[in-house]
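Visitor: Mind having a look at this structure? Questions to follow.
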Amino acid sequence: MKNSDSVVFQTNINNGDDVEKVIEDIEAGTFQNKFSEVLIDRFNKCFPEEVSNELSEGEIKLRLSKLKFETDVQHLKSGDDNFEPIAKNAIYKFSEVDLGHTETREILMKLLELVENKSSGVIAELTQESIEQYAGIAIEDLLSILSISKDAYNNLLESGDSKVIKSASIIQRTLSSAGASIEEVEYISRCKTNWDLWHRKNRHVLFEFDLQSINSMVRELLNSSIRSDGSLHLASLRSPIKDLVSKLESEDLMYDLNPELILGGIFAELVKGKS
């Protein structure tokens, strides 16, 4: 508890009035509620094995202030039917992964198993490293469960993408549905990252009319290339990109662009359109 930001207690019901008053008292930092005083008075005795040296009143208050309650939690309810659709919507919101029933069940089981494994057992020595190793859920764990390439994620992260999981998911699903390999997904992710960096560098350098014209041409190329099922085939973009390069050169809009940057721009527009 010393090294954690908070300790969350989940329950399938709502708190009673007395509990709510204790929580409000602790959150306000007043510690004047009679039950808060009891907790402070008996804290060391409640945890004789965990507390080797008695904690001071200030140390106890600091630890109690980290306690958080989450009430009416759906997945803790016996026989509740709302958890699966709620979880499915949450997965879609943060990853853009629209799951079928079988996929939903499979991912939910993996997520619950991961949380269960990280919530059980004893951590002998409490350090930030040991807590992260034995009790923390890292982004790598979630990428694996969602079948999102770690390298693609890291490539997009370099561009400062604020919705990197969603971007990686959109790119991977769009390419995979056309039979692309994981190497293609990672290559496209690098191209998009380079486009984002180029675009950020030049948005205050180029005339806005020129930059918006380039964006419009790239978007038009995307719209004419994407298949009816929403997939994109990498090889089918070669000729359209060459044609666009010729057009940009003829209109003095090529600047320091190249085919790979334009390819990245196509997928940047794809992500923007689906986010």
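Visitor: If the reach is capped at under 29 angstrom between alpha carbons, list the lysines near LYS21, excluding any in the same chain fewer than eight residues apart.
Guide: Of all the lysines, those that pass the test against LYS21 - Cα under 29 Å, at least 8 places apart if same chain - are LYS2, LYS34, LYS45, LYS61, LYS66, LYS68, LYS77.
Visitor: How far is helix 164-176 tilted, in degrees, relative to the longest principal axis of the Cα atoms in the chain, given as a value from 0 to 90 rounded to the nearest 10?
Guide: Approximately 50 degrees, to the nearest ten.
Visitor: Another question, if that's okay. Just list whichever of LYS150/LYS247; LYS88/LYS166; LYS93/LYS272 have alpha carbons separated by over 24 Å in the model shown.
Guide: Flagged as over cut-off: LYS150/LYS247.
Visitor: At a 1.4 Å probe radius, carbon and sulfur cover how many percent of the accessible area of the chain?
Guide: Details: 8420 of 17020 Å².
Percent of accessible area from carbon and sulfur atoms in the chain: 49.
Visitor: What length, rounded to one decimal in nm, is gained on full extension from LEU197 through to ILE139, with 0.36 nm per residue of separation minus their alpha-carbon distance?
Guide: Working: separation 58, 0.36 × 58 = 20.88 nm, distance 2.34 nm.
18.5 nm is the gain from fully extending LEU197 to ILE139.
Visitor: When only DSSP loop residues count, what chymotrypsin sites (Phe, Trp or Tyr not before Pro) in the stretch 107-211 have their Cβ near at most 12 other Cβ atoms within 10 Å? Display every interim value, and only then the final one.
Guide: Values: sites: TYR134, TYR153, TYR187, TRP195, TRP198, PHE207, PHE209; in loops: PHE207.
Those that pass, being in a loop and sparsely packed, are PHE207.
Visitor: Roughly how tilted is helix 182-202, in degrees to the nearest 10 and between 0 and 90, from the longest Cα axis of the chain?
Guide: With rounding to tens, the tilt is 80 degrees.
Visitor: Take the Cα atoms of the chain, find their three principal axes, and give me the spread along each one in whole Å, biggest first.
Guide: 80, 44, 36
Visitor: Students often get this wrong: which residues of the stretch 17-36 have the backbone nitrogen under 12 Å from the point 7 angstrom along Cα-to-C-beta of CYS46?
Guide: From the stretch 17-36, the list is 23, 35-36.
Visitor: Using alpha-carbon positions, what is the distance between the centroids of the stretch 104-178 and the stretch 3-78, in Å?
Guide: So the separation of the two Cα centres works out to 29 Å.
Visitor: Under 16 Å from the Cα of LYS192, which aspartates and glutamates turn up, not counting those fewer than eight places away in the same chain?
Guide: Counting by Cα, and skipping residues close in sequence, LYS192 has these aspartates and glutamates nearby: ASP151, GLU158, ASP161, GLU183, GLU184, ASP256, GLU260, GLU269.
The values are calculated or read from the model by the stated rules, or taken from the named source; none is laboratory data. Small disclaimer: the values here were computed from a predicted structure and weren't measured. Methodologically, a virtual Cβ is constructed for each residue, glycine included, from the backbone with ideal geometry; neighbour enumeration extends over all protein chains shown. Remember, those area values only see protein heavy atoms, side chains included, never the ligands or the DNA or RNA. Shrake-Rupley method; radii C 1.70, N 1.55, O 1.52, S 1.80 Å.
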